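**Student:** Quick one: structure below, then a few questions.
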Amino acid sequence: MTDFSLRDYLLGNTQFNALKLDDQGVDPKLLERVVVDLKLETLLDLPVAFLSNGQGRRARIARALLTSPEVLLLDEPFMGLDPPTVRGLSGILGGMAERGAPRLVVSGRPQDPLPEWISHLTYLRTDCQVGVMGDRETVLEGLRGYVRGVWKGGLSEDETMPVHVLGEMGRVLTEGGIQGVGMGEEVADVKTEDVEVVEERIGKPLVEMEGCRVRYGDKVVLGGWSEEVDGQKRDGLHWTVRQGERWGVFGPNGSGKTTIVSLLCSDHPQTYSLPIKLFGRSRLPEPGSGQHPLTYWDIQSRIGHSSPEIHQHMPRRLTTRQVLESAWADTFLSKPTLDETAKGQVNATLKWFAHELNPSAPTPSAVLGKQEDSLAWADEYMFGELSFSAQRILLFLRAIIKHQDIVVLDEAFSGMDEAVRDKCMLFLAHGEKKMYSSDFSKSGSGKHSPMEASVVDNPAVLAGNANVTGLKDHQVLICISHVKEEVPDCVREWLCLPEANTGQAARFGRLDGPLRTDSKRWGDIWGA
């Protein structure tokens with residue numbers, strides 16, 4: 001189906017050798033309005049396979065809207081969309097909600113900003129039962145009271161409604177952007193990781209793009225601009241990434257972020273013809289240079305990668321352990337080559353994230369004071385049996401566990417709740433060396449208040465039992481995200497790609513601190 005054009009996909013013309021099309025068809029006026037509202041008009045003649053992750057999500061939403069349903073169910077509709085598109089789509093859905101045609105049911109994570117047009121809420125507990133339900137303000141006020149009560153010690157925390165998950169809930173998505181603060185921010189300072197920043201990172205170039213321009217026929221999907229380089233006007237993207245740098249790559253849907261990832265990982269066929277050097281070498285060496293070609297396997301062995309595309313293609317029949325061990329294999333299904341150190345890293349990582357990855361893991365209170373050493377579950381549960389969040393965690397861990405020279409995290413934290421995301425980010429930075437602790441004070445119930453957690457040294461590591469460390473000084477991190485809270489605190493360099501076919505040049509900059517705690521830094525990147 002991915003070989004059909006977006007127009008055919010939206011119209012439902014995806015049958016081979018169809019004798020005739022559906023007589024009912026699609027209302028042309030509705031098609032025009034939906035295509036314009038979702039910014040798909042310039043993509044109609046492209047094959048669906050050429051769409052970016054965010055463009056594909058908009059296309060699926062458009063197709064659902066064209067069926068004129070009475071009730072439209074949307075599961076995390078804003079995931080993977082850039083901020084301007086999120087505001088635009090929210091406005092479209094808000095208009096539908098106001099007209100009541102169709103009726104809307106939207107699911108999301110607690111930390112996702114709540115569109116201002118939402119009228120009623122249902123909050124599900126971790127045991128999949130309804131925790132609270134009613135009109136918007138009543139539910140939010142009830143949850144705020146619950147958070148305050150647990151924080152101040154007047155209430156006992158319900159194990160099926162952990163307070164730390166509600167830390168960012170309560171922010172509002174408006175026409176002007178995200179406003180307000182989360183429930184946790186109302187009663188405490190937002191915790192951020194203490195990141196050591198080295199102002200000057202002078203390492204060898206690992207990625208060199210000297211005027212990259214990717215086109216399909218007449219359509220330019222990356223580098224369709226001219227920029228000033230060393231005092232001269234030059235075409236295409238000029239970008240150098242050096243050892244030790246931590247990059248954030250941003251831009252609207254369809255601006256070329258997915259294309260950059262495919263060029264870095266050498267999955268893109270134009271990698272051979274474009275002026276790109278990876279690890280100081282071109283894919284095809286200069287004649288007479290005596291260099292060997294840089295093979296696909298050479299590149300893959302030195303890049304850790306997590307993305308929606310990896311998620312889509314990861315075989316569902318692999319066990320949890322096999323997915324993690326495939327970081328040492330040439331392909332998803334080939335046999336990995338692990339030494340004793342690698343085996344120790346795999347076991348340590350599985351233990352560290354056992355609660356998040358093991359579907360049958362007991363609740364935290366049930367294992368309080370106990371150490372679970374058995375990893376039999378990792379050989380029993382297949383990737384396809386894990387929850388969406390657990391799958392994302394596992395792919396994130398697969399990308400970082402081998403400590404390759406370049407780590408690419410493309411929307412790696414989407415689908416995770418706030419607490420799990422923060423745990424993953426801490427593991428990215430420090431491995432087993434650091435952990436969250438809430439030993440500073442206790443609530444009246446005798447339990448630690450979850451949102452009081454701070455970063456402390458892991459006692460086991462102090463005893464010399466660390467198998468997994470965080471990012472090393474020689475490694476490069478490249479993070480792609482549309483949500484500032486999903487950008488690791490260590491990111492300092494940034495690249496923002498322009499909207500496709502505008503002729504505007506890419507913009508570069510350097511951050512003076514973490515993104516997720518500063519809306520101004522985020523606005524500067526997006527030019528807002």
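**Student:** Could you pull out the pairs from Lys204/Lys520; Lys233/Lys277; Lys343/Lys472; Lys351/Lys472; Lys257/Lys402; Lys219/Lys277 whose alpha carbons sit more than 28 Å apart here?
**Tutor:** Values: Lys204/Lys520 32 Å; Lys233/Lys277 21 Å; Lys343/Lys472 19 Å; Lys351/Lys472 22 Å; Lys257/Lys402 24 Å; Lys219/Lys277 24 Å.
Violating the 28 Å limit, Cα to Cα: Lys204/Lys520.
**Student:** More than 20 Å apart: what percent of Cα pairs in segment 204-342 qualify? Spell out each step's value before the answer.
**Tutor:** On the way: 5403 of 9591 pairs.
It works out to 56 percent of all Cα pairs.
**Student:** With 19 Å as the cut-off, how large is the P(r) tail for segment 35-112, expressed as percent of Cα-Cα pairs?
**Tutor:** 34
**Student:** Let me ask another. Rounded to the nearest Å, what's the spacing between the alpha carbon centres of segment 317-342 and segment 288-302? Just the number, please.
**Tutor:** 22
**Student:** Could I ask something else about it? Could you tell me how many cubic angstrom of Cα convex hull volume the chain has per residue?
**Tutor:** Output value, Cα hull per residue: 181 Å³.
**Student:** Leaving ligands, DNA and RNA out of it, report the carbon-plus-sulfur percent of the accessible area of the chain at a 1.4 Å probe.
**Tutor:** About 50 percent, which is the carbon plus sulfur part of the accessible surface.
**Student:** Once you have the Cα-Cα distance between Asp298 and Glu159, take 0.36 nm times their residue separation minus that, and quote the gain in nm to one decimal. Intermediate values should be presented prior to the final figure.
**Tutor:** Working: separation 139, 0.36 × 139 = 50.04 nm, distance 4.74 nm.
Length gained, Asp298 through Glu159: 45.3 nm.
**Student:** Can you tell me how much longer the chain between Thr42 and Arg213 gets when fully stretched, taken as 0.36 nm per residue apart minus their C-alpha distance, in nm with one decimal?
**Tutor:** 59.7 nm
**Student:** Additional query: Compute the relative contact order of the chain as a whole-number percentage, counting only Cα pairs closer than 8 Å that sit 6 or more residues apart in sequence.
**Tutor:** 16
**Student:** Taking only protein heavy atoms and a 1.4 Å probe, what accessible area per residue, in Å², does segment 234-293 have with all protein chains in place?
**Tutor:** Averaged over the residues of segment 234-293, the accessible area is 40 Å².
**Student:** Please name which of Gln129, Tyr9, Ser360 has its Cα lying farthest along the dipole of the chain towards the positive end, using unit charges on Cβ (Lys, Arg +1; Asp, Glu -1) and the Cα centre as origin.
**Tutor:** Of the listed residues, the answer is Tyr9.
**Student:** Could you work out how far apart the two model spin labels at Tyr436 and Phe332 are, taking each label as a point 7 Å from the Cα in the direction of the beta carbon, and quote it in nm?
**Tutor:** The modelled label-to-label distance comes out at 3.0 nm.
**Student:** To the nearest 0.05, how large is the calculated FRET efficiency for Glu116 and Ser226 if R₀ is 35 Å and r is the Cβ-Cβ distance?
**Tutor:** With R0 = 35 Å, the Cβ-Cβ based efficiency is 0.30.
The values are calculated or read from the model by the stated rules, or taken from the named source; none is laboratory data. Note that the structure is a prediction, hence the values are computed from the model and not measured. All Cβ positions, even for glycine, are placed from backbone atoms using ideal geometry, and neighbour counts span all protein chains on display. Accessible surface areas use protein heavy atoms only, side chains included; no ligands, DNA or RNA. Shrake-Rupley method; radii C 1.70, N 1.55, O 1.52, S 1.80 Å.
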